[in-house]
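The values are calculated or read from the model by the stated rules, or taken from the named source; none is laboratory data. As the structure is a prediction and not an experimental result, all values here were calculated from the model. Glycine also receives a Cβ, built like all others from the backbone with ideal geometry; neighbour counts cover every protein chain displayed.
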Amino acid sequence: MAKEAIGSNAIFTGPQQGLTIIGKHCYAYSGHMDISVEQTMLDFQTAKEYIKGKFEFNADFGTGGGATVRVQIYMNDILITEERDTSNDWHTGDNEFHFVIPPLTRMTVKIVGGSQDANVNFTGKVYNQ
């Protein structure tokens with residue numbers, strides 16, 4: 001479930017796979033990870049509200065050496081989005097994925113490919129039904 005933080009105690013304590021909610025906004029930051037093997041970058045479940053937001057993938061494509069990077073986004077263990085890019089053929093916009101996430105939905109983001117490090121960020125807004 002999402003971790004809720006409200007007020008002055010809602011400080012950032014470091015990257016994690018989970019979702020943090022602050023009032024009507026939410027975020028999850030994976031932190032930098034080695035993606036030479038498949039990594040689960042984010043893994044969280046939404047609460048009763050729905051969320052509108054975006055996942056953003058970032059990597060050091062300069063060191064990718066032409067390797068293929070695969071980003072997969074799952075809802076309740078069902079593959080919804082898969083993006084494959086060759087690091088030397090990456091285009092602006094390939095790294096953003098906009099979603100409306102239904103209530104009580106488990107979101108998982110996995111990445112594999114290349115020898116570079118990568119991170120995934122999610123930012124969004126929480127809406128009551």
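So which residues in the range 106-129 are surrounded by fewer than 16 Cβ atoms within 10 Å (Cβ to Cβ) and at pLDDT 95 or above, if there are any at all? Of everything in the range 106-129, those that are surrounded by fewer than 16 Cβ atoms within 10 Å (Cβ to Cβ) and at pLDDT 95 or above turn out to be ARG106, THR123, LYS125, TYR127. Evaluate the range 95-105: report whether one residue or more is surrounded by 15 or more Cβ atoms within 10 Å (Cβ to Cβ), of a type in the set (Ser, Thr, Tyr), within 13 Å of MET41 (Cα to Cα) and at pLDDT 85 or above. No, there is no match, as no residue in the range 95-105 is surrounded by 15 or more Cβ atoms within 10 Å (Cβ to Cβ), of a type in the set (Ser, Thr, Tyr), within 13 Å of MET41 (Cα to Cα) and at pLDDT 85 or above. Among residues of the range 17-38 that are free of Cβ contacts under 8 Å to residues at least 24 places away in the same chain, those with a beta-carbon under 6 Å from a residue that is in a loop (DSSP other than H, G, I, E, B) and surrounded by fewer than 19 Cβ atoms within 10 Å (Cβ to Cβ) at least six positions away or on a different chain give the pairs THR20/ALA5; ILE22/ALA5; ILE22/ALA10. Filter the range 59-82 for residues that are in contact with a Phe, Trp or Tyr (Cβ under 8 Å, 6 or more places away or on another chain), within 30 Å of LEU104 (Cβ to Cβ) and at pLDDT below 95 and give the result. VAL71, THR81 - these are the residues of the range 59-82 that are in contact with a Phe, Trp or Tyr (Cβ under 8 Å, 6 or more places away or on another chain), within 30 Å of LEU104 (Cβ to Cβ) and at pLDDT below 95.
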